[in-house]
1. Select from segment 137-148 the residues that are surrounded by 16 or more Cβ atoms within 10 Å (Cβ to Cβ) and without any contact (Cβ under 8 Å) to a residue 24 or more places away in the chain and list them in ascending order.
2. What residue, among those in segment 61-86 that are modelled with pLDDT under 80 and part of a helix (DSSP H, G or I), is nearest to P37 (Cα to Cα)?
3. When you go through A146, A175, A158 one by one, which is the residue that is modelled with pLDDT of 80 or more and of a type in the set (G, A, S)?
4. In the list S125, S168, which residue meets the criterion of being in a helix (DSSP H, G or I), over 36 Å from the mean Cα position of the chain (by Cα) and modelled with pLDDT of 80 or more?
5. Does R103 qualify as being within 21 Å of E9 (Cα to Cα) and loosely packed, with under 14 Cβ neighbours inside 10 Å?
6. Just give me the residues in segment 1-31 being exposed (fewer than 12 other Cβ atoms within 10 Å of the Cβ), within 19 Å of Q63 (Cα to Cα) and modelled with pLDDT of 85 or more, in sequence order.
7. I'd like to check something: does segment 51-60 contain any residue that is modelled with pLDDT of 75 or more, in a helix (DSSP H, G or I) and out of contact with any Asp or Glu (no Cβ under 7 Å at 6 or more places or on another chain)?
8. Only residues that are exposed (fewer than 12 other Cβ atoms within 10 Å of the Cβ) and over 19 Å from V222 (Cβ atoms): list them for segment 170-191, please.
Amino acid sequence: MDLPHDDSECMLGRDVAHALGLAPGDQIRLQTSHASPRLIIAGILEAGADEDDQVIVSLALAQQLAGTPDKISLVAVNVPGSASQMEQARRRLAAALPTAEVRPLRQVTEAQGDIARRLRVLVASMVILILLLTLLCVLATMAALAVERRLDVGLMRALGGSISRVVSLFLAEAALLGALSGLAGYLIGIVLARWVGGRVFQSLISPQWKILPLTVAIMVAVALAGALPLRLLGKVRPGAILRGEA
């Protein structure tokens, strides 16, 4: 959040600006027992938190309005990470500022942890759903493939090819397609994750390349599991195929 550095400017929270009917470029007068400056509204702040109900001014002007020059009563620090990482940050701040009271906002951290848990459950549910849908798609594709290529299979068997070798060719094709789809999905996922991270969370999401082999392996397993309809190839009769009866 960019705070105003000019003592003649301020930023209004969204709710304050809506209640007062003010917009950027308008003027607002703040009055206390120590000062009553007239400020230009530099922008509207929409944070989805307490800042939406506040008027943000520079530190020097806030000290002047409160009549406490060169004094700071509260500093809010946002420390991303787990609960243990926030506790370590609290200890470092307490050691660096022995005269200050350093305490975490438990309600905020617990709410963030609850949101993170819900997001993990949501992501896991979506992954399972996508894998099931992929499995169904592969099943349908393989069933259509077994029916479509029954003439080729009959010809291969008539030339002496065993059904196990014929099925292994189709399984190899399914595994190759699964590996390629896993690689393509991983690369597309990186692009989407970077876009969502920048637009929604304002943070850069780094790719975890160690997940790539697992992603490819899962997609190959799903592709092979969806190849069950290939058992229909065992029912192909080479003689009937050659006579044109199939």
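The values are calculated or read from the model by the stated rules, or taken from the named source; none is laboratory data. Note that the structure is a prediction, hence the values are computed from the model and not measured. Reconstructed Cβ throughout: ideal geometry from the backbone, glycine too, with neighbour counts over all protein chains shown.
1. Hits for segment 137-148: nothing passes.
2. Top of the filtered list is M86.
3. Being modelled with pLDDT of 80 or more and of a type in the set (G, A, S) holds for just one of A146, A175, A158, which is A175.
4. Answer to the check: S168.
5. Considered against the rule, which asks whether it is within 21 Å of E9 (Cα to Cα) and loosely packed, with under 14 Cβ neighbours inside 10 Å, R103 comes out as no.
6. Answer for segment 1-31, where residues must be exposed (fewer than 12 other Cβ atoms within 10 Å of the Cβ), within 19 Å of Q63 (Cα to Cα) and modelled with pLDDT of 85 or more: just R29.
7. There is at least one residue in segment 51-60 that is modelled with pLDDT of 75 or more, in a helix (DSSP H, G or I) and out of contact with any Asp or Glu (no Cβ under 7 Å at 6 or more places or on another chain).
8. Scanning segment 170-191 gives a single hit, V191.
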